[in-house]
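Enquirer: Mind looking over this structure? Questions follow.
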Amino acid sequence: MGSILLRACLIACRFLTRLPLPDPGVVDEPEVGRSALFYPLVGLLIGAPLWLAAVMLDGAPVVVAAVLVLCLWVWVTGGLHLDGLGDSADGWLGGIGSRERTLEIMRDPRAGAMAVIAIGLLLLTKWSALQALLTMGHAAYLLWIPLLARAVLVLALLTTPYARPQGMASASVAYLPRPWARIAIAAALLVVLMLGGAAGLLAIATALGLFLGWRRLVMERLNGFTGDTAGALVELAEGLVLIVLVLVPL
């Protein structure tokens, strides 16, 4: 059992990060479903180097420190969720309310104007918020913000149907161990509360509010979600939580 869980964790890490980990080889669909349980843990593994980098850059000009942390953030994730955000922006605005047209545009690997704008604005938002966060002395928030965003991703897999007959996330939905997914989400939220205190509670409320809005939109347009819209959810959750933690005094 331990080797099965370890392999599932490795699959999740290889999928969501660029960390130099062993290749798990051929992966079947049930393993893909099990790996989703470890998405919040992968978020913690993403957050740890961000926090350490921010600590090591303490004393450097905050503008430089923020952009370096952001570059590390993008590198560790491989830009996976940014790509989903860009495709979603193209599809949502170019789809003109049509489910079929929206899905068709999101399937196109080329980036349109809306993708460039959305990714640019999201990165600018994160960079600005990181500057403020580091100035306020809250670098430790970076440890659990990626964890929270990926806990919301598991919540999406648990509660929202997949919009395509098959695709990158279809196996995650079909083979997700649902009782264990609820436990993984609850454990992740508990970790956020333990590490973040009042800030963690505010972040959870923000992320859940965003999730409810996101779910309503994807259900109305697509009757479900896609891998691209799931990636957009992660990026938007991270960006919005950063902004709210900076703007709301605690």
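Enquirer: One residue is enough: does the range 141-161 have a residue meeting the conditions within 15 Å of residue 243 (Cα to Cα), open to solvent by 20 Å² or more (accessible area, probe 1.4 Å), modelled with pLDDT of 95 or more and under 17 Å from the mean Cα position of the chain (by Cα)?
Expert: yes
Enquirer: Looking at (1) in contact with a helix residue (DSSP H, G or I) (Cβ under 9 Å, 6 or more places away or on another chain); (2) surrounded by fewer than 18 Cβ atoms within 10 Å (Cβ to Cβ); (3) modelled with pLDDT under 95; (4) not aromatic (Phe, Trp, Tyr), which is the one condition that is false for residue 128?
Expert: The one condition residue 128 does not meet is (3).
Enquirer: Quick one: in the range 174-202, of everything that is part of a helix (DSSP H, G or I) and open to solvent by less than 30 Å² (accessible area, probe 1.4 Å), which residue is nearest to residue 244 (Cα to Cα)?
Expert: 199
Enquirer: Might you check whether a residue that is open to solvent by 30 Å² or more (accessible area, probe 1.4 Å) and within 23 Å of residue 153 (Cα to Cα) occurs anywhere in the range 49-64?
Expert: Within the range 49-64, one or more residues are open to solvent by 30 Å² or more (accessible area, probe 1.4 Å) and within 23 Å of residue 153 (Cα to Cα).
Enquirer: List the residue pairs whose Cβ atoms are under 9 Å apart, where the first residue sits in the range 139-166 and is closer than 18 Å to residue 66 by Cβ, the second is assigned to a loop (DSSP other than H, G, I, E, B), and the two are 6 or more positions apart or on different chains.
Expert: Close Cβ pairs satisfying both conditions: 139/57.
Enquirer: Cβ-Cβ below 6 Å, separation at least six or inter-chain, first residue in the range 65-78 and more than 10 Å from residue 17 (Cα to Cα), second basic (Lys, Arg): which pairs?
Expert: Qualifying pairs under 6 Å: 70/126.
Enquirer: Next question. Where residues in the range 86-114 are touching a helix residue (DSSP H, G or I) at 6+ places or on another chain (Cβ under 6 Å) and not in a helix (DSSP H, G or I), which of them is surrounded by the fewest Cβ atoms within 10 Å (Cβ to Cβ)? Spell out how you get there, then give the answer.
Expert: Just the residues of the range 86-114 that are touching a helix residue (DSSP H, G or I) at 6+ places or on another chain (Cβ under 6 Å), to begin with: 86-91, 93-95, 99, 102, 105-106, 111-112, 114.
Going one step further and asking which of them are not in a helix (DSSP H, G or I), we end up with 95, 111-112.
Working: 95: 18, 111: 15, 112: 17.
It comes out as 111.
Enquirer: Go through the range 76-85 residue by residue and tally those that are assigned to a helix (DSSP H, G or I) and either open to solvent by 70 Å² or more (accessible area, probe 1.4 Å) or over 14 Å from residue 145 (Cβ atoms) (or both).
Expert: So the count comes out to 5.
The values are calculated or read from the model by the stated rules, or taken from the named source; none is laboratory data. Please read all numbers here as calculations on a predicted model, not as lab measurements. No Cβ is skipped: glycine too gets one built from the backbone with ideal geometry, and neighbour counts run over all protein chains shown. These area figures cover heavy atoms from the full protein model, side chains too; ligands, DNA and RNA do not enter into them. Shrake-Rupley method; radii C 1.70, N 1.55, O 1.52, S 1.80 Å.
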